[in-house]
Every structure is written in C-alpha cells, then in structure tokens.
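The structure appears below as structure tokens.
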Amino acid sequence: MDVKVKILRYNPEVVDEAEWKTYAVTLQPTDRVLDALHKIKWEQDGTLTFRRSCAHGVCGSDAMRINGRNRLACKTLIKDLNPEKEITVEPIKGLPVLKDLVVDMEPFFDAYRSVMPFLVTSGHEPTRERIQSQADRDRFDDTTKCILCAACTTSCPVFWSDGQYFGPQAIVGAHRFIFDSRDEGTEQRLEILNDKEGVWRCRTTFNCTDACPRGIEVTKAIQEVKRALIFRRV
C-alpha cells in the first residue's frame, strides 16, 4: 500500500524553525512506523535523523509523537493508523529538539537520577540475595516494567509548561523503590518528591498512563506516592 508520511524536520545548522516534509512510501499493513522511517532514510533522504536500537519495544529509544500521540515507532503498526490518511511523525514534546526526531534526553535523565533510583540499604553487603516474599515483590511489580522511553513524561501538559517538574517517569522510578520492602531510602525519596516540583504538580489527566507502551498504571503509581507522603507509611 502507498502511504504518505509527514515528518517534522529540523536541522539547527540549516534552518531556524522546524518544517513539515511529506514522503510517499510503499509499505505492508503489518509494517511498523519504524520500517517506514528506515525506508525513507535508506531510500529517499539519508539526512533523516531518529533514534532506534532494539526495534522490539524494549530499549525505549524510538519514542515519538505519531498522529499526535506518544508511541514507540517499533511497536506501532501502519494498519492501526488509518493509512488512507497522512501519518504524522514528530519529536516528543517538552524536551529540546537536537535534530529531526532526536531530542535531548538529559533533562529527563537528570530528573530520574534525582529520585535515587537504586536500592538503599545499611550494614554489610549480604553474602546471599536479600529474601523477599512474593507478596512484597508484587507490591511494586508494575513500576519495574519501565523502559525509560519518556513517553509518559513528554505526554504530560504540566511538564510541557514547567521544565522543572520531575515528570511522571521519575515518580514511577521512585515508586519502584519506595514500595520495595528491602529498601531503606523511602524517607529520603519522599522528601525529594515532596518538593514543589514533585508529585503535587500532577493534575491527574491520565495522559501518562495512556502513553505508556508497557501498560504501566502511571497515574495510579503517582497517587500511591502522594498517599505515602500524606500518611508517611507504605
């Protein structure tokens, strides 16, 4: 099938503002948007720039706005996008665009690092694994699925307007350890997230949950962190 793909192009070395460019591509209905981008880059315009790595929805590299929604290009099938109409592809919002579909992820990772996304323990390192019951493990299972693609954070209207907001993903990253029975850094993380740019900036629009390609209940995780802050127990 012949499909038109409209891509928001930007090269700061050439132009001051981004501009749309449309490409005609022959694809199979079961091809993915990533396949379309590959065909355009390999066969029509080698200057097209985008990130991708595993191409199987695990690395999170190819998050972009496709038909106005945050998605992974490698998981989005052409047949699911109403290919009779033009398919639009643009970079995720709220982060500086470096070139075409590539954004500067450092502000995103800075927020993630700030919530201490690692196990905090005291005493000597054990000689065996730290034992945990299945029920304790299940308590934070959902938020272990995060692949750091930034789809949730860059779908958040608060993040678009306030670059200082931690964003949904950083709160999800903190949730994974706050509710881990082996961790001893809960109070520190809660204090970090109690900041004016922390969990209280969330307006519960559910954009983040809808955008997550892993099906994480992001809004629910944020509400659980809010409750933990209010009651200071988990």
Quiz item: So which residues in region 76-98 are surrounded by fewer than 18 Cβ atoms within 10 Å (Cβ to Cβ) and of a type in the set (D, E, K, R)?
Solution: 79, 80, 84, 85, 86, 93
Quiz prompt | Number of the exception - residue 72 against (1) more than 30 Å from residue 190 (Cα to Cα); (2) within 14 Å of the chain's Cα centre (by Cα); (3) of a type in the set (A, V, I, L, M); (4) surrounded by fewer than 20 Cβ atoms within 10 Å (Cβ to Cβ) | solution = (4)
Quiz prompt | The listed residue being under 30 Å from residue 191 (Cβ atoms), modelled with pLDDT of 95 or more and aromatic (Phe, Trp, Tyr), out of 50, 108 | solution = 108
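Just one of 228, 150, 174 is open to solvent by less than 50 Å² (accessible area, probe 1.4 Å), of a type outside the set (Ser, Thr, Tyr) and touching a Lys or Arg at 6+ places or on another chain (Cβ under 7 Å); which is it?
After applying the criteria, what remains is 174.
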Quiz item: Which of the following residues is in contact (Cβ under 8 Å) with a residue 60 or more places away in the chain and among the small types (Gly, Ala, Ser): 63, 24?
Solution: 63
Quiz item: What about residue 23, is it among the aromatic types (Phe, Trp, Tyr), on the phi < 0 side of the Ramachandran plot and touching a Lys or Arg at 6+ places or on another chain (Cβ under 8 Å)?
Solution: yes
Quiz item: Is there a residue in region 119-130 that is among the polar types (S, T, N, Q) and surrounded by 18 or more Cβ atoms within 10 Å (Cβ to Cβ)?
Solution: no
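Which of the residues spanning region 177-194 are open to solvent by 60 Å² or more (accessible area, probe 1.4 Å) and either among the small types (Gly, Ala, Ser) or in contact with a Ser or Thr (Cβ under 8 Å, 6 or more places away or on another chain) (or both)? Steps first, answer last, please.
First, pick out the residues of region 177-194 that are open to solvent by 60 Å² or more (accessible area, probe 1.4 Å): 181-182, 184, 187-188, 191, 194.
Answer for region 177-194, where residues must be open to solvent by 60 Å² or more (accessible area, probe 1.4 Å) and either among the small types (Gly, Ala, Ser) or in contact with a Ser or Thr (Cβ under 8 Å, 6 or more places away or on another chain) (or both): 181, 182, 184.
The values are calculated or read from the model by the stated rules, or taken from the named source; none is laboratory data. Remember, predicted model here, so these are calculated numbers, not experimental data. When we count neighbours, we look across all protein chains shown, and the Cβ atoms used for this are built from the backbone with ideal geometry, even at glycine. Surface areas here come from the heavy atoms of the whole protein model, side chains and all, with no ligands, DNA or RNA. Shrake-Rupley method; radii C 1.70, N 1.55, O 1.52, S 1.80 Å.
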